[in-house]
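Presented below is the structure to which this report refers.
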Amino acid sequence: MTLLAVERMKLFSTRSPWWCSLIALALTVGFGALMAGTANTETPLTVAATQFGYTFGLVVIMVMAALAITTEYRFGTIRATFLAVPNRGKALLAKTAVVAILAGVLGELAAFGSWGIGKLIKPASDLALNTPYEWRAVAGVGLVYAVAAVIAVAVGVLVRHSAGAIALLLVYVQLVENLVSLIPRIGNDIHRWMPFTMSAKFITGDPDVTLRNINEGPPLADAGLSPWPALLYFAGFAVVMMVIALAVANRRDA
Amino acid sequence: MRATIGRMIEASGLTKHYGRTVAVDNLSFTVSEGRVTGFLGPNGAGKSTTMRMILGLDRPTSGDVRIDGEHYRDLRQPLRTVGALLDAKWVHPNRSARAHLSWLATSNKLPGTAVDEVLDLVGLTSVARKNAGGFSLGMSQRLGIAAALLGDPKVLLFDEPVNGLDPEGILWIRRFMHRLAEEGRTVFVSSHLLSEMSQTAQDLVVIGRGKLIYQGTVGDFIAHATENSVLVRSPELGRLAEVLSAEGAKLSQDGDGLQVSGMDSAEVGELAAAARITLHELSNHAGSLEQAFIQLTGGTVEYQAATEEGPTA
């Protein structure tokens, strides 16, 4: 608990987490408002459609999470941290936990904010959350943000440089996972099992997604698992990344 | 494992390789409790690497170093035992001095009052809420010292604390070191400046190219490394020379006097008195710390200027 308090103090006594949080919320809720504003009788506003902006917020959250650790390397405060807390695993896990909790809370704020602004702008549309799918589409965003933040911290620990870590994360999330499917024959099969595809499946998957127009929500995922196992798969990937990161940080000279 | 009484820091066979570069080479030394020990060596000799290994930041390639009998990494609340200032820049520039000290204090369960106390101690109370990024080097150094003192530790490590400071800052640090020593703390302070060490330290650990060159007191270091000589002048110089050389002193003519080495002034004086020789001058010529340092580390300077004739090893 002490270490969680320490990492919370560190995170909120600098400016970048505040800015990233604001940007993440503004992007997602802004997109929700945009979707609500442009909805009409042909493409009515749905619960899924209000969450269109969640992937933009996801990217900002990952930048925030990566910065939370890479700035420590940049300014040498990681060494001050390891001097105060020589158990590096504990120190880094505490940081990861605090960043993940913040990401989760922001995810819920962003999702329910987007949903709420949709209801505000189009009070007539059916935005009731009455199926597991609809609950996942909104409340699930926080879970995905939290897990993604863990991945971003792990990459930050491994890469240590802000620009490098952020570039790697963005290129991976935005390009690599999608471009993989262009590989002949096996590309699609690989794509189905990639972690962020899995996270998208959790948000957008099931029940019968083929009925849905692309405008009615975030792009659909063709992941190889059903939603909840897909989230577990995504979380498992984060755990593996974190274990590698901790092992490296423990061995490496600080 | 309990430390041998009086030995606060014990390094044995400490070695660190960076690729093919050997930064620290089989280094063994001890730092005594309650004394100020200077850690001396030319730039690039491996002082900072050694300090980082003492503090568990860098992993030794081989060898071992303990503080009060324990590895730093095994200390539960290390700030209560060891305070360190390795680099004053290890502060987030957008974090206030107070916030920086607060998270450090919390991490070792130190009371919030400790933060105010150390801020007051180093004279930063008035700028405590300002971001550390705007601090001058001297202020950053004070903040670093405040951080080192947070847990009221009995061991303090400072890496080149006066480097780049203005004379006022140097004087402040020097006085501060004396004060810490008077409080009975163990202080291990590195420097490449000998004059600085002669002002501050009682003991010395001298290294060059990662190897131990000398360990002992400052006084012994000078005596050990320099030719101490005695200058005598006398109206009966010839007879005096005979008496002294009979007792094994080495002599050399110096103007109208004699430089005597291998014998201290007391012995020279007593011999002269016994032989009833009048002396007009009897004075010690102590070698300077700088001379001693260059003499000892001359062969081990990492980056020697190629155009100059290097000092003889």
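FYI, it's all coordinate maths here, none of it is from the lab. Quick caveat: nothing in here was measured; it's all calculated off a predicted structure. Backbone-built Cβ (ideal geometry, glycine too); neighbour counts: all protein chains shown.
When you look at the Cβ of every residue in B:57-70, what mean number of other chain Cβ atoms sits within 10 Å?
Details: counts 7, 3, 5, 0, 0, 0, 0, 0, 0, 0, 0, 0, 0, 0.
Other-chain Cβ atoms within 10 Å of each residue's Cβ, averaged: 1.
Over the protein assembly as shown, what lengths in whole Å, largest first, do the semi-axes of the equivalent ellipsoid take, defined as the square roots of 5 times the eigenvalues of the alpha-carbon gyration tensor? Intermediate results must be reported in sequence, preceding the final value.
Working: eigenvalues 941, 105, 65 Å².
Result for the protein assembly as shown: semi-axes of 69, 23, 18 Å.
In deg cm²/dmol, rounded to 500, what helix-only [θ] at 222 nm does chain A give when every DSSP H run of at least 4 residues adds -39500 (n - 2.57) and the total is split over its residues? Provide the component values of the computation, followed by the final result.
Working: 11 runs with 180 residues, N = 254.
The helix-only estimate for chain A comes to -23500 deg cm²/dmol at 222 nm.
Quick one: if the Förster radius is 30 Å, what FRET efficiency do residue A:240 and residue B:22 give, using the C-beta to C-beta distance and rounding to 0.05? Each step should come with its number before you reach the end.
Working: r = 36 Å, r/R0 = 1.21.
It comes out at approximately 0.25.
What average number of partner chain Cβ atoms lie no more than 10 Å from the Cβ of the residues making up A:10-17? Intermediate values should be presented prior to the final figure.
Numbers: counts 9, 1, 1, 10, 7, 4, 2, 0.
Mean number of neighbouring Cβ atoms from other chains: 4.
If you place +1 on the Cβ of every Lys and Arg and -1 on the Cβ of every Asp and Glu, how big does the dipole about the Cα centre of segment B:82-231 come out, in debye to the nearest 20? It would help to have the intermediate numbers written out before the result.
Working: 14 positive and 15 negative charges, 118 e Å.
I would put it at about 560 debye.
Over all alpha-carbon pairs of segment B:7-216, lay out the pair-distance distribution in 10 Å bins, whole %, shortest bin first.
Whole-percent P(r) values from 0 Å outward: 9, 36, 37, 17, 2.
With only Lys, Arg, Asp and Glu charged, each at its Cβ (+1 for the first two, -1 for the last two), find how big the charge dipole of chain B is about the Cα centre; round to the nearest 20 debye.
On the way: 30 positive and 36 negative charges, 361 e Å.
My answer is approximately 1740 debye.
Could you give the dipole magnitude of segment A:50-189 about its Cα centre, charging the beta-carbon of Lys and Arg +1 and that of Asp and Glu -1, in debye to the nearest 20?
For this selection, approximately 460 debye.
What nm value, rounded to one decimal, do you get for the distance between residue A:22 and residue B:223 when each label is placed 7 Å out toward the C-beta?
Inter-label distance under the simple model: 6.8 nm.
With label points built 7 Å along Cα→Cβ from the Cα atoms of residue B:62 and residue A:74, find their separation and express it in nm.
Placing both labels 7 Å along Cα→Cβ, they lie 4.1 nm apart.
For chain B, build the charge dipole from Cβ charges (+1 Lys, Arg; -1 Asp, Glu) around the Cα centre, then report which of B:206, B:65, B:192 sits farthest towards its positive end.
Most positive-ward Cα: B:65.
Under the rule of -39500 (n - 2.57) per DSSP H run of 4 or more residues, summed and divided by the residues of chain B, what mean residue ellipticity at 222 nm is obtained, to the nearest 500 deg cm²/dmol?
Details: 10 runs with 102 residues, N = 313.
Calculated at 222 nm, the ellipticity per residue is -9500 deg cm²/dmol.
Can you list the residues of segment B:253-270 with backbone N under 20 Å from a point 7 Å past the Cα of residue B:247, pointing along Cα to Cβ?
Hits in segment B:253-270 for residue B:247 at 20 Å: B:253-254, B:257-270.
Compare the Cα positions of B:273, B:262, B:229 along the charge dipole of segment B:227-285 (+1 at Cβ of Lys, Arg; -1 at Cβ of Asp, Glu; about the Cα centre) and return the one farthest towards the positive end.
Of the listed residues, the answer is B:273.
Any idea which of A:31, A:183, A:152 is furthest toward the positive side of the dipole for segment A:2-251, if Lys and Arg beta-carbons carry +1 and Asp and Glu beta-carbons -1?
Toward the positive end, the furthest listed residue is A:152.
Considering only Cα-Cα distances, which of the following residue pairs are longer than 29 Å: B:47/B:89; B:89/B:154; B:109/B:130; B:154/B:211; A:90/B:16; B:16/B:109? Walk me through the numbers before you get to the answer.
On the way: B:47/B:89 18 Å; B:89/B:154 24 Å; B:109/B:130 24 Å; B:154/B:211 27 Å; A:90/B:16 26 Å; B:16/B:109 33 Å.
Where the Cα-Cα span goes over 29 Å, the pairs concerned are B:16/B:109.
Counting alpha carbon pairs within less than 8 Å and at least 6 residues apart, what relative contact order, in whole percent, applies to chain A? Walk me through the numbers before you get to the answer.
Values: 389 pairs, mean separation 62.4, N = 254.
That works out to 25 percent.
For residue B:174, project a label point 7 Å along Cα to C-beta. Then give me every residue of segment B:22-43 with its amide nitrogen under 16 Å of that point.
B:38
Quantify how strongly other chains surround peptide B:143-150 by giving the mean number of their Cβ atoms within 10 Å of each of its Cβ atoms.
Details: counts 0, 1, 0, 0, 3, 1, 0, 1.
Rounded to a whole number, the mean comes out at 1.
Identify the residues of segment A:37-76 with backbone N under 11 Å of a label point that sits 7 angstrom from the Cα of residue A:126 along the Cα-to-Cβ direction, or state none.
It comes to A:46-47, nothing else.
Calculate the all-directions average of the projected area of segment A:98-173's alpha-carbon convex hull, and give it in nm². Can you show the working numbers first?
Working: hull surface 24.9 nm².
Hull-based average projected area comes out at 6.2 nm².
Report the full-extension gain for the segment residue B:256 to residue B:94: residue separation times 0.36 nm, less the Cα-Cα distance, to one decimal in nm. Don't skip to the end; give the middle numbers.
On the way: separation 162, 0.36 × 162 = 58.32 nm, distance 6.74 nm.
Length gained between residue B:256 and residue B:94: 51.6 nm.
For the pair residue B:275 and residue A:135, how long in nm is the line joining their label points, each one 7 Å along Cα→Cβ?
10.8 nm
If you average the C-alpha positions of segment B:184-218 and of segment B:84-120 separately, how far apart do those two centres end up, in angstrom?
Each part reduced to its Cα centre gives a spacing of 28 Å.
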